[in-house]
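Read-outs: derived from the displayed coordinates by stated rules, not from any lab. Just so it is clear, the structure is predicted and the values come from calculations on it, not from any experiment. Cβ coordinates were reconstructed from backbone atoms using ideal geometry, including for glycine residues, and neighbour counts include every protein chain displayed.
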C-alpha cells in the first residue's frame, strides 16, 4: 500500500490502534504524548515529528517499507479510502475474521 499523504498515515495509525483495542488516551500514555497529539496525527497533521510517528508505528506493530514509487504512479483522490481491515490483516499477520469463521467447524 502506498501512503501518499499524512492523512493516509493517520488512517493506518488509527486502524492499527483500534485493531489493538487501544483508545487514543491509552496510546498517548504509552508513547509519552498527549491524546490531542494522537488525534492530530490520526487526522493527518502535516508537521508531525517523524521520530514520534515512527515510534507510534513501531509500537502498534506497523511495518514501514520505503521505496521509490513507479514513475507513472500519481496520487489519486478516490471517493473511498483503502480497505483498512485488509491493511491491518497484512500488518498483523493474523487471519481475517472471515477466515477464522470458516475454520470454526474444524
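Residues of segment 1-41 with backbone nitrogen within less than 16 Å of a virtual label 7 Å along the Cα-to-Cβ line of residue 47, please, listed as ranges. Answer for segment 1-41: 6, 37, 40-41. The modelled label-to-label distance for the pair residue 54/residue 34, using points 7 Å beyond Cα in the direction of Cβ, is 2.5 nm. Take the Cα of residue 63, step 7 Å toward its Cβ, do the same at residue 3, and the gap between the two points is 1.5 nm. Taking every alpha-carbon pair under 8 Å whose residues sit at least 6 apart, segment 1-71 reaches a relative contact order of 36 percent.
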